[in-house]
């Protein structure tokens, strides 16, 4: 089965993992793509927000509701 993945969040690893937990708790499968860690493994680390949360396009509407609530609760 093919998945059309879209990025819904990019930030630090702690926030990305917290969002992943909330999405999965609501039944939305997601994937973490950690470009920072991958860069560190090959010696080209990054200072940018490089941890991304990806979901299947079909879940975008529901995920955006969760993301909006998550961002409101976690504003710095």
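Computed values, structure above
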| quantity | calculated |
| --- | --- |
| Number of positions in the stretch 51-61 that are out of contact with any strand residue (DSSP E or B) (no Cβ under 9 Å at 6 or more places or on another chain) and under 15 Å from residue 21 (Cα atoms) | 0 |
| Search result, residues across the stretch 42-53 that are at pLDDT below 70 and in a loop (DSSP other than H, G, I, E, B) | 43, 44, 45, 46, 47, 48, 49 |
| Enumeration of residues in the stretch 12-41 that are in contact with a helix residue (DSSP H, G or I) (Cβ under 8 Å, 6 or more places away or on another chain) and either under 12 Å from residue 67 (Cβ atoms) or modelled with pLDDT of 85 or more (or both) | 13, 18, 19, 22, 23, 26, 28, 29, 30, 32, 34 |
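The values are calculated or read from the model by the stated rules, or taken from the named source; none is laboratory data. If you're wondering where the values come from, they're calculated on a predicted model, not measured in any experiment. Cβ atoms come from the backbone with ideal geometry, glycine included; neighbour counts cover every protein chain shown.
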